[in-house]
Amino acid sequence: MRKLKLQMQSTVDGFVAGSGNLVDWTTFDTDDKLLAFINHLTDTSDTILLGRKMTPEFVKYWESVPQDSPEYAFAQKMVQTPKVAFSKTIKSLEGKHLRVENGPLVEAVNRLKNQPGKDIMVYGGVEFVSALIENRLIDELNFFVNPIAIGEGRRVFTGHTPLTLLGSVQYRSGIVVNTYKPAD
């Protein structure tokens, strides 16, 4: 069975988005070791899951990265990787290699996890990730903890959620990646 892995930015005080869903607190000062880890997560996955609200912005950003950008090679991975946007209300969204899933969340994700292939990556949004966590569908949670506290915002955890720490790595930028799995 394929794993569903989360990659999400976070503040030290546990917020994944500020007021108004802003992520202006995110650190973009990456080093080779952090980029290698991000590429490893991407390269070991062959499907991306997204919440409906985040999908248009995600698709627009990665599909518009110019060829002369240092992000171009990574952007092409994001564009070429099959993406599944989950929605209860919308039947289709614009984007390359993108389809919309309208079925029940638990059944649809488990069906994807049972298909052959590499692991599955989820990037967001907040409500979508919260629903995945609440239904114990995420097998590995990678929180990129940025060296900042913002005091208020949005969190993905809505209740008591025991986790087991698999590893913690600090990077030059001050980002610490904490990797967890749901506790047994």
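The values are calculated or read from the model by the stated rules, or taken from the named source; none is laboratory data. Given the structure is predicted, the values throughout are model-derived calculations rather than measurements. A quick note on method: Cβ atoms are made from the backbone with ideal geometry, for glycine too, and the neighbour counts reach across all protein chains shown.
Restricting segment 29-39 to residues that are touching a residue at least 60 places away in the same chain (Cβ under 8 Å) and not β-branched (Val, Ile, Thr), which is nearest to residue 147 (Cα to Cα)?
Start the filter on segment 29-39 by keeping residues that are touching a residue at least 60 places away in the same chain (Cβ under 8 Å), which leaves 29-31, 33-34, 37.
Narrowing further to those that are not β-branched (Val, Ile, Thr): 29, 31, 33-34, 37.
Numbers: 29: 11, 31: 15, 33: 17, 34: 15, 37: 18 Å.
For segment 29-39, the residue satisfying everything is 29.
Filtering segment 58-73 to residues that are over 15 Å from the mean Cα position of the chain (by Cα) and of a type in the set (A, V, I, L, M, F, W, C) leaves 65, 73.
If only one of 105, 112, 98 is over 23 Å from residue 39 (Cα atoms) and at pLDDT 95 or above, which one is it?
Values: 112 fails: over 23 Å from residue 39 (Cα atoms); 98 fails: over 23 Å from residue 39 (Cα atoms).
Answer to the selection: 105.
Scoring residue 89 on the criteria (1) among the β-branched types (Val, Ile, Thr); (2) surrounded by 12 or more Cβ atoms within 10 Å (Cβ to Cβ); (3) out of contact with any helix residue (DSSP H, G or I) (no Cβ under 6 Å at 6 or more places or on another chain) leaves a single failure, condition (2). Looking across segment 138-181, just one residue is surrounded by 15 or more Cβ atoms within 10 Å (Cβ to Cβ), in contact with a helix residue (DSSP H, G or I) (Cβ under 7 Å, 6 or more places away or on another chain), polar (S, T, N, Q) and closer than 24 Å to residue 109 by Cα, and that is 142. Inspection of segment 40-54 finds no residue satisfying the criterion of being of a type in the set (A, V, I, L, M, F, W, C), more than 25 Å from residue 147 (Cβ to Cβ) and modelled with pLDDT under 95.
Kindly indicate whether residue 130 is over 24 Å from residue 58 (Cβ atoms), surrounded by 12 or more Cβ atoms within 10 Å (Cβ to Cβ) and among the polar types (S, T, N, Q).
On the way: over 24 Å from residue 58 (Cβ atoms): no; surrounded by 12 or more Cβ atoms within 10 Å (Cβ to Cβ): yes; among the polar types (S, T, N, Q): yes.
Judged against the criteria, residue 130 is not a match.
So that you can scan it fast, the table gives a plain yes or no per residue for (1) in contact (Cβ under 8 Å) with a residue 24 or more places away in the chain; (2) under 24 Å from residue 36 (Cα atoms); (3) outside any helix (DSSP H, G or I); (4) out of contact with any His (no Cβ under 6 Å at 6 or more places or on another chain):
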site: 53; (1), (2), (3), (4): yes, no, yes, yes
site: 56; (1), (2), (3), (4): yes, no, no, yes
site: 61; (1), (2), (3), (4): no, yes, no, yes
site: 70; (1), (2), (3), (4): no, yes, yes, yes
site: 77; (1), (2), (3), (4): yes, yes, no, yes
site: 90; (1), (2), (3), (4): yes, no, yes, yes
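Return yes or no: is residue 111 closer than 23 Å to residue 2 by Cβ, exposed (fewer than 13 other Cβ atoms within 10 Å of the Cβ) and either within 18 Å of the chain's Cα centre (by Cα) or touching a residue at least 12 places away in the same chain (Cβ under 8 Å) (or both)? I'd like the intermediate steps shown before the answer.
Working: closer than 23 Å to residue 2 by Cβ: yes; exposed (fewer than 13 other Cβ atoms within 10 Å of the Cβ): yes; either within 18 Å of the chain's Cα centre (by Cα) or touching a residue at least 12 places away in the same chain (Cβ under 8 Å) (or both): no.
No, not satisfied.
If you go through segment 150-164 one residue at a time, do you hit one that is in contact with a Phe, Trp or Tyr (Cβ under 8 Å, 6 or more places away or on another chain) and without any contact (Cβ under 8 Å) to a residue 40 or more places away in the chain? So far as segment 150-164 goes, yes, one or more of its residues are in contact with a Phe, Trp or Tyr (Cβ under 8 Å, 6 or more places away or on another chain) and without any contact (Cβ under 8 Å) to a residue 40 or more places away in the chain. Which ones in segment 1-10 are surrounded by 15 or more Cβ atoms within 10 Å (Cβ to Cβ) and either farther than 22 Å from residue 41 by Cα or over 15 Å from the mean Cα position of the chain (by Cα) (or both)? Answer for segment 1-10, where residues must be surrounded by 15 or more Cβ atoms within 10 Å (Cβ to Cβ) and either farther than 22 Å from residue 41 by Cα or over 15 Å from the mean Cα position of the chain (by Cα) (or both): just 2.
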